[in-house]
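What follows is calculated from the coordinates using simple rules that are stated; it is not laboratory data. Just so we're clear, the structure is a prediction, and the values are computed from it rather than from any experiment. Cβ sites come from the backbone with ideal geometry, for glycine too, and all protein chains shown count toward neighbours.
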Amino acid sequence: MLNFNYPLLQLLILILTFSFPVTLSNHEAIQSLLHRLDSKRALPSVQETAARGVLRRLLPTHLSSFEFKIVSKDVCGGNSCFMINNHKKTRHNGPEIIIKGTTGGVQTSSIPKPGSLPLFKDDGVKIKRPVPWNYYQNVVTSSYSFVWWDWERWEKEVDWMALQGVNLPLAFTGQEAIWQEVFKDFNISSEDLNSFFGGPAFLAWARMGNLHGWGGPLSQNWLDQQLVLQKQIISRMLELGMTPVLPSFSGNVPAALTKIFPSAKITRLGDWNTVDADPRWCCTYLLDPSDPLFVEIGEAFIRKQIKEYGDVTDIYNCDTFNENSPPTSDPDYIATLGAAVYQGISKGDKDAVWLMQGWLFYSDSSFWKPPQMKALLQSVPVGKMIVLDLFAEVKPIWKTSFQFYGTPYIWCMLHNFGGNLEMYGVLDAIGSGPVDARVSANSTMVGVGMCMEGIEHNPIVFELMSEMAFRDEKVKINEWIKSYSHRRYGKAIHQVDAAWEILYHTIYNCTDGIADHNHDYIAMLPDWDPSTNDKSAGMPQAHLWYPPEDVIKALQLFLAGGKNLTGSLTYRYDLIDLTRQVLSKFANQVYIKAIASFQTENIDALHLNSHKFLQLIKDIDLLLASDDNFLLGTWLESAKKLAVNPSELKQYEWNARTQVTMWFDTNETTQSKLHDYANKFWSGILENYYLPRASTYFSHLSESLKHNEKFNLIEWRKQWIPMSNKWQEGNELYPVKAKGDALTISQALYEKYFS
Ligand SMILES: *[C@@H]1O[C@H](CO)[C@@H](O)[C@H](O)[C@H]1NC(C)=O
Ligand SMILES: *[C@@H]1O[C@H](CO)[C@@H](O)[C@H](O)[C@H]1NC(C)=O
Ligand SMILES: *[C@@H]1O[C@H](CO)[C@@H](O)[C@H](O)[C@H]1NC(C)=O
Ligand SMILES: *[C@@H]1O[C@H](CO)[C@@H](O)[C@H](O)[C@H]1NC(C)=O
Ligand SMILES: *[C@@H]1O[C@H](CO)[C@@H](O)[C@H](O)[C@H]1NC(C)=O
């Protein structure tokens, strides 16, 4: 129960709870981990000041309305909890509300003026965490969303984490500076690392050993700047009572290591998504965990981090086997590998706990059968591993793995791929999944988490998921969604409520089991030859899991309620997003008609539909241009702002443009295998990238009909690929400020296409 009549504050609390029925020994191990982590926490006075800092930044008008107090866990019988009460007033203008917890912060949206904050009944509100941890981030979020952030933006994010009660965030920034130091001790020079690290926008994949050198090299300025940033991030996390999760060594090493240690067991991995295995990016080097050097490097890396940051955590992420299977499936061998990986971590920090993304058990389930899974999970001492059930809202592994064979795990929502913008969600599963998992027989669940590849979309999904860290009963979404809409816009408008009700049953009820990745044809134009009669090589499908006409109806209602909400920025954001969603799905139908016209050789219909498709791209660009949250310019300028010289400027802008378009390498006739993986519905990309792409594609279709020839896909690619590469290298400016009125534009587009 976090929403009172008005939704105003939600305390964060980072105290840690523990009544969960893992097997006894695991339970004890987790208990002692919790105690150890408590002992690393900042002093109560530091945390109280940090909580006031959040309030000062978000709600300066109410600085004197609240008081924060850190209390001992004993208040809740040893459990984690927070309490909100009215302050016993002793003087006029004194604080009205007191928030107690082991750590603190406040969330605001439509808050009554100081002096009229609500009165609580009886003893106020008391909320216990049902599970100790609330985890945040995927290992790739650092690249898809955070890559260009400065401290100002990071500070907002850490504030947000505090408000959502996140207490176990990944802290991955700046690790290349640590690697540079570590490898130096192994006689690897900074120059040797130029072909090892990826560019700023591709660090996540270089860290995982998927690629090397792409977008690089990193300048010393970058390395130093990011380390400074990391220290700011970690200190703020600590002040707010969070436990940062630091990286560890997974075996990924620079090529130069093979020369310095010629007898080390180093294998070259296979190709990961390049067009033609160019060794500059392809095929990284993996040091075998069974080689003694593995433990040496692993230990050195942990020690170097402790030296830089202090004794701030015992939890380390390691994903050695992510999209990279061990050479044999022999369980004994896998157990040896797992034990060596853990040894590398624990020699640097004797209390270390290995946190692993459980993605491999889903993505590579043909390799990770029960014996292999069990061997890996049980290769470390009891209680020294925590697994993330990464995609639990759609494909929960806990149900079929005897709860990870006794290993404590965190129920995570994956939700997003590539930082794509698409309205999507599975609210019912989020509102009930964590509760089902926790109360299931012999549950080993120890936390909830958010593991999305990219952020900054679908606020409703993040809101609900965050609440699950504090809810011990399933959420009745029907009721919850009403209160959400009132909190979000500051008032109750019946048409808007009705619209949300529809969205709950359509967009936010995706039950087809398909991982949502925006494949709408505008953003991911099929690289495909429609002349083919081979139906099995059929057109790539866009994801559609609801009747589009229902959602058009929701848009109509949403617009109708708009007269009352013209001043609400959250309403404007949602209106744009919904209009974009409706138009983009509509454009998919138009595209299919265009293709069908081509196949039936109806040139007039082809012209009509292709023109309409192109017009939709322009219209959506115009719509998105009316809100600061949907601008390509923001992304590009934030990248450029980090540069200190012209070559960095050029490099960072190329990195930023490339990640959201081609992503990876191309040759004359082949697009990157990852093209449009991180596609974005941002004003600027539509008009200047998606539009010329679709336009040249349709001209090739039309020309081939005119000349009664087969469509020449290769010719289109030969034209398109250099156009894309030129755009990636470009430096033309894009707006960073919205223009136009979202309500007027959205209304006009609705009428243009649907009335
Ligand atoms: C690094 O180089 C120095 C000087 O050549 C040498 O003494 C040392 O043994 C080398 N260290 C390693 C780990 O190879
Ligand atoms: C581009 O890569 C593709 C796929 O590997 C290959 O078949 C083709 O020959 C390459 N084209 C050129 C021009 O190198
Ligand atoms: C839970 O554990 C008990 C004791 O080990 C076992 O008998 C029971 O079958 C388990 N239940 C499930 C659903 O796994
Ligand atoms: C979501 O879809 C499933 C499958 O069609 C259906 O059973 C369920 O009732 C729907 N839930 C909502 C909230 O509409
Ligand atoms: C919405 O606006 C109309 C007309 O301006 C007004 O009569 C009505 O009271 C408003 N409704 C709400 C809930 O604010």
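Things to note:
- Relative contact order (%) - the chain, alpha-carbon pairs under 8 angstrom, separation at least six: 12
- N194-S39 FRET efficiency (beta carbon distance; Förster radius 41 Å; 0.05 resolution): 0.50
- Per-residue HN-Hα couplings for the range 247-252 [Karplus 6.51, -1.76, 1.60; θ = phi - 60°; Hz; x = Gly/Pro]: x, 9, 7, 10, x, 6
- Sequence of V253, V448, V439 once ranked by neighbouring C-beta atoms within 10 Å, starting from the fewest: V439, V253, V448
- Inter-centroid distance (Cα atoms) of the range 354-373 relative to the range 234-303, Å: 20
- Estimated vicinal HN-Hα couplings, Hz - the range 379-390 in sequence order (Karplus 6.51, -1.76, 1.60; Gly, Pro = x): 7, 10, x, 3, x, 9, 9, 10, 9, 9, 7, 5
- Normalised by the number of residues in the range 24-128, the mean separation of alpha-carbon contacts (under 8 Å, six or more apart) gives a relative contact order of 30 percent.
- Label zone (I514, point 7 Å along Cα-to-C-beta; backbone nitrogen cut-off 17 Å) within the range 374-403: 394-395.
- Zero-based 10 Å bins, Cα pair distances in the chain, whole percents: 3, 13, 23, 26, 21, 11, 3, 0, 0
- Over 32 Å [Cα-Cα, the range 500-754], rounded percent: 26
- Taking the range 500-754 and dividing mean pair separation by its residue count, relative contact order in percent (alpha carbons under 8 Å, at least six apart): 25
- Chymotrypsin sites (Phe, Trp or Tyr not before Pro) restricted to DSSP loop in the range 514-577 with at most 10 other C-beta within 10 Å: none
- Cα centroid of the range 573-609 to Cα centroid of the range 126-166, whole Å: 38
- Efficiency of FRET from Cβ geometry, R57 and K128, R₀ 25 Å, rounded to 0.05: 0.35
- Label-point gap, in nm, between M723 and S290 - each point 7 angstrom along Cα→Cβ: 5.3
- Average projection, convex hull of the Cα set of the range 174-219: 2.8 square nanometres.
- Local electrostatic count at A523 - Lys and Arg +1, Asp and Glu -1, tallied over other residues with Cβ under 11 Å: 0
- Extension reserve of the S695-N645 stretch, reckoned as 0.36 nm per residue once the Cα distance is removed: 14.4 nm
- Eigenvalues of the alpha-carbon gyration tensor of the range 24-128, scaled by 5 and square-rooted, set the equivalent ellipsoid semi-axes at 30, 16, 12 angstrom, largest first.
- Spin-label pair D271/N478, simplified geometry with 7 Å Cα→Cβ offset, distance in nm: 5.5
- Linear extension gain, E668 paired with V736, 0.36 nm per residue minus alpha-carbon span: 21.1 nm
- C-alpha center-to-center spacing [the range 489-557, the range 644-705] in angstrom: 23
- Projected area, mean over directions - the range 410-459, Cα convex hull, nm²: 3.6
- Only DSSP H runs of four or more residues enter the estimate; each adds -39500 (n - 2.57), and after division by the residues of the chain the mean residue ellipticity at 222 nm equals -13500 deg cm²/dmol.
- Rg in Å to one decimal, and Dmax rounded to a whole Å, for the range 111-204 via C-alpha atoms: 20.8, 67
- Cysteine residues of the chain whose Cβ has no partner cysteine Cβ closer than 4.7 Å: C318, C510.
- Cα extents of the range 359-473 along the three principal axes, largest first (Å): 39, 31, 21
- Summing +1 for each Lys or Arg and -1 for each Asp or Glu among the other residues whose beta-carbon sits under 13 angstrom from that of D550 gives 0.
- For the listed residue pairs K347/K384; K156/K553; K40/K347; K399/K476; K128/K304; K265/K395, the alpha carbons are over 25 angstrom apart in K156/K553; K128/K304; K265/K395.
- Likely footprinting exposure, V228, V54, fewest C-beta neighbours within 10 Å first: V228, V54
- Among C81, C412, the order by Cβ neighbours within 10 angstrom, fewest to most, reads C81, C412.
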